[in-house]
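Worksheet: the structure to be examined is printed underneath.
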Amino acid sequence: MPLRLPPLTPGITALSLLLAAPAIADITVVGRYKLVNGDTLTRASYYTTHRVRATLPNGYEIIYNQTADSIALVDHAQKRYWDGPRSEADSIAMKFRSGQMKALQANATPEQREKWTAIYSALGDSLQFGTTGRQRKIAGFGCTEWLLTAGPYLLQTHWVARALSKPDFSEEVEKVVLATITDPLGRGLMKLVLQARVTDGLTLGGTIRFKTLGRQGETSWEAIKVDASKIPPSAWAIPAGYQRWQPPAADSTR
């Protein structure tokens, strides 16, 4: 029986589940990704008790250091990055996507804005979340399938390996993740994903299908290798040749 979650408080991805780090050992998860724009890639994610490096649905990487309370956001498409205190990271993420956001706001009609508000308000009432009972192995680990739906707008499956325990960093990085999403309804759907995260186990695969007023699409990923060897310091480094990005002082998207 699916668990009905409460409505959203005022305010797609396997992401919150990627941002959960194993509690005991260092773990490297090599996964194959299909991004929302159709690009495919193979990339490693890294998890420790105090750090995580994971891929977002738009291809960005996020590197979170709990001890330093800092975040790096890496934009591979433009070979740029920003790093600094977590308290500043959500505003930086908004500026990373500021051009898209301004274009969307300029082209949105009053009717579209009204629909965004109505759908966002109704999402929580249609939300269902629970395990399907299906089992399979991914990268050698037994996984259980979980399903999240929100009316016709969101369907997410994720496969959780309970043998890999973890603390949850989602709350610390939630604002940063949401700030990278341009579509207001898309942010609402991602908020649902973050609220419905599984607390026991590490996700080793999943799919998100979403539909908003402006677009629809799918993103997916699946682990192909899980390695418990100690993670080297180089795993947390920014790629060579990337430029640090600092927004102009006058650039404001809020």
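Straightening the chain between Arg244 and Arg43 buys 70.2 nm, computed as 0.36 nm per residue apart minus the Cα-Cα spacing. Compared with the direct C-alpha span, the chain from Ser87 to Ala228 gains 47.6 nm at full extension, assuming 0.36 nm per residue.
Peptides 134-143, 151-160 ranked from most to least packed by the mean count of surrounding Cβ atoms within 10 Å: 151-160, 134-143. How far apart, in nanometres, would the label points at His50 and Glu111 be if each is projected 7 angstrom from Cα along the Cα-to-Cβ direction? Simple spin-label model gives 5.6 nm for this pair. Once the Cβ-Cβ distance of Leu147 and Arg80 is raised to the sixth power relative to R0 = 41 Å, the FRET efficiency obtained is 0.65. A full extension of the chain between Arg162 and Thr132 corresponds to an added length of 9.3 nm, given 0.36 nm per residue minus the alpha carbon distance.
Values quoted throughout were computed directly from the atomic coordinates according to the rules given, and no laboratory measurement underlies them. Note that the coordinates shown come from a computational prediction; the quantities given were computed from them, not determined experimentally. Note that each Cβ is placed from the backbone with ideal geometry, even for glycine, and that neighbours are counted across all protein chains shown.
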